[in-house]
Amino acid sequence: MRVGMLTSGGDCQSLNATMRGVAKALYKMYEDVEIVGFEDGYKGLMYADYKIMKPSDFSGILTKGGTILGTSRQPFKLMRTPDENGLDKVEAMKHTYRKLKLECLVVLGGNGSQKTANLLRQEGLNIVSLPKTIDNDLWGTDITFGFQSAINVATNAIDCIHTTAASHGRVFIVEVMGHKVGWLTLYAGIAGGADIILLPEIPYDINVVISALRERTRQGKRFSILAVAEGAISKEDAGLTKKELKEKKKSGLVYPSVAYELGAKITEMTGQEVRVTVPGHMQRGGEPSPYDRVLATRLGAEAAKLIQNKKYGYMVAVKNNEIAEVPLEEVAGRLKTVDPNCAMIQEAKMVGISFGDE
Ligand code: F6P
């Protein structure tokens, strides 16, 4: 039996650990299983760039960050657009799958990759997918692998900032990844003891942010730390159309990111010294956390079980601390965002964290 495997989209810390889980379980279930590893995500499937993996390829990779198969972003919206040589990408992927006589394809990916996985399912391929992303924004699962490890890195960044912020009596903004959602910022912000947390799901009022900073100064606190999601948006900007937002950006100063724009505004309104730190892709690097290693192993083993049961068209997920499976058609195209009224945010507000909204 031949099983295809690929990692797609932005990398994260426990991709290798998850592939190892799938592979080890499959090698134990079947003596004759051959795993075909596609290089650089769906690109490898399109252009038949693959290698036949050996059991030893999956040894010693539990703690290794990144992905041994390589990855790439293949935007879903371009899947139906032929490549520069006129190649029909979907037909090419189906052709490789059939030529290699694969029993199924295991896809480790985030939102866009799950959409493509669902498209391939609709085209008749046997798919099992796994929920990868530091953003934790996949519908149908309580948690994605990579998320916990990224929280560790982002929290560590905020921890490091604390000492220098306190010494200098400065305002510090730490910009946290997460694409359009605030999960990573919310967890790292609380874990790192941020005073203000700004999320895309709760458009902030600059005047509320400034009052929170002034209140800290009034209380004799010499420094403040803001954890700001890369997708955070002000109330004012949230009220604009996409076109108006574009125009506004064009007419003003172009900042490299939301954190710098906010920093300039804070200095302008308070005269306080502000510094911005962007840990960026560090948040996706390094070793997976112990939690993620366990999660990866469990998800991987359960993916192998789905293959054993020939139960295709599902993403392996976590629901209420149990491993579950969700139909791919339910996952594809849906984003899991932070509920602004959730208990966690209410509790964070109770201990004095401002979300810039009240
Ligand atoms: O989806 C993971 C993520 O790290 C997001 O948090 C971030 O917005 C994006 O990927 C960055 O993408 P790239 O690696 O293409 O710069």
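Assorted remarks:
- The chain, helix-only ellipticity at 222 nm - DSSP H runs n ≥ 4, -39,500 (n - 2.57), divided by all residues, nearest 500: -12500 deg cm²/dmol
- Alpha carbon centroid spacing (whole Å) that separates the stretch 95-121 from the stretch 263-312: 24
- The base-10 log of I(q)/I(0) for the stretch 108-263, evaluated at q = 0.12, 0.14, 0.17, 0.19 Å⁻¹, reads -0.62, -0.80, -1.03, -1.16 [Debye formula, identical scatterers on Cα atoms, solvent excluded].
- When each of Glu39, Glu91, Glu31 is scored by the number of other beta-carbon atoms lying within 10 Å, the sequence from fewest to most is Glu31, Glu91, Glu39.
- Reducing the stretch 319-358 and the stretch 22-90 to their Cα centroids gives an inter-centroid distance of 31 Å.
- Highest to lowest packing among 130-140, 50-60, 326-336, scored as the average C-beta count within 10 Å: 130-140, 326-336, 50-60
- Per residue Cα convex hull volume in Å³ - calculated over the stretch 34-98: 86
- Computed from phi, the 3J(HN,Hα) profile of the stretch 325-342 under the Karplus parametrisation 6.51, -1.76, 1.60 (θ = phi - 60°) reads 10, 10, x, 4, 5, 7, 7, 4, x, 10, 9, 9, 9, 7, 7, x, 9, 5 Hz, with x in place of Gly and Pro.
- Shape of the stretch 171-237, Cα gyration tensor, a/c cut at 1.5: oblate
- Relative frequency of Cα-Cα separations exceeding 17 Å in the stretch 224-339, percent: 73
- Between the Cα long axis of helix 15-29 and the first principal axis of the chain there is an angle of about 30°, rounded to the nearest 10.
- Kirkwood hydrodynamic radius (C-alpha pairs) into Stokes-Einstein, the chain, 37 °C and 0.692 mPa s, D in µm²/s: 152
- Proxy reagent accessibility, fewest Cβ within 10 Å first, across Val316, Val274: Val274, Val316
- In order through the stretch 192-205: 3J(HN,Hα) via Karplus (6.51 cos²θ - 1.76 cosθ + 1.60), integer Hz, x for Gly, Pro: x, x, 5, 8, 10, 10, 10, 10, x, 6, 10, x, 9, 9
- Long-range tail of P(r) for the stretch 68-108 (Cα pairs > 15 Å, %): 55
- The Cα atoms of the stretch 1-156 give a gyration tensor whose axes a ≥ b ≥ c have a/c of 1.5 or more with a/b no greater than b/c, which makes the shape oblate.
- Neighbour-count ranking [beta-carbon atoms within 10 angstrom, fewest first] of Arg222, Arg298: Arg222, Arg298
- Rounded, prolate or oblate (a/c below 1.5 giving rounded, otherwise prolate when a/b exceeds b/c) for the stretch 76-192 by Cα gyration tensor: prolate
Every read-out reported here was derived from the displayed coordinates using simple, explicitly stated rules and does not represent laboratory data. The model shown is predicted, which means the values in this text are computed figures rather than measured ones. Glycine also receives a Cβ, built like all others from the backbone with ideal geometry; neighbour counts cover every protein chain displayed.
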